[in-house]
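In what follows, a structure is listed as structure tokens, so that the remarks can point back to it.
The values are calculated or read from the model by the stated rules, or taken from the named source; none is laboratory data. Being a predicted model, the structure only gives us computed values, none of them experimental. Backbone-built Cβ (ideal geometry, glycine too); neighbour counts: all protein chains shown. What goes into the accessible areas is simple: the full protein's heavy atoms, side chains included, and nothing from ligands, DNA or RNA. Shrake-Rupley method; radii C 1.70, N 1.55, O 1.52, S 1.80 Å.
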Amino acid sequence: METKTKNILWFKEVGKSDGATVGGKGANLGELTQAGFPVPPGFIVTAQAYFDYINETGLIDKIKTELEGLDFEDTKDLQARAEKIQGLIKKTPLPEHLKKEIVEAYHKLQETDHTKNLYVAVRSSATAEDLADASFAGQQATFLNILGDKDLLQAVLDCWASLFEARAIYYRNDK
């Protein structure tokens, strides 16, 4: 079994009960893996890793400041603020320990697949997805054909930045 950290979990380590930690898609991939369906091996960067990132880097305060006083019905202002927040996230490097964990997990996947040229997908798996009264389907970005450490790390940031698309901010406020 892989070593568990609060930042990286493998599909084979999670199931339906782990939605708050790995999101709905992550939990379902784990459930399918454990049920023996032919799911390619993969790992999840946990919700806690995201929360630690925005706290450790000081982004949480910048995001709160940027959203302060926002009229969610003013679509131009909402879009401008969303773009600013996304830019902040995309340009704020991951902490070194998290970079290391993500890259190590990616390298384990490369070893499993016996290739250095392993293309992967990076996609969101919101922890509040598909609730009885809310569905976040299609609101965050998915990145396909990601190859290499540098592009993988940037795709993680880009994926997290997509949590702040204007429509996602509006929807979270509405729900």
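Within segment 90-126, being open to solvent by less than 90 Å² (accessible area, probe 1.4 Å) and at pLDDT below 95 holds for 112, 113, 115, 124, 125, 126.
From the list 12, 25, exactly one residue is of a type in the set (D, E, K, R), in a helix (DSSP H, G or I) and free of Cβ contacts under 8 Å to residues at least 40 places away in the same chain. Which is it?
Values: 25 fails: free of Cβ contacts under 8 Å to residues at least 40 places away in the same chain.
After ruling out the rest, the residue left standing is 12.
Given 87, 138, 69, which one is exposed (fewer than 13 other Cβ atoms within 10 Å of the Cβ), assigned to a loop (DSSP other than H, G, I, E, B) and either among the aromatic types (Phe, Trp, Tyr) or at pLDDT 95 or above (or both)? None of the other options fit; the residue is 69. Tallying residues that are open to solvent by 90 Å² or more (accessible area, probe 1.4 Å) and assigned to a helix (DSSP H, G or I) within segment 72-84 yields 4.
In segment 143-165, the residues that are open to solvent by 30 Å² or more (accessible area, probe 1.4 Å) never reach a residue that is of a type in the set (Asp, Glu) and assigned to a strand (DSSP E or B) with C-beta atoms less than 7 angstrom apart, at least six apart or across chains.
Taken over segment 40-66, residues that are part of a helix (DSSP H, G or I) and open to solvent by 40 Å² or more (accessible area, probe 1.4 Å) amount to 9.
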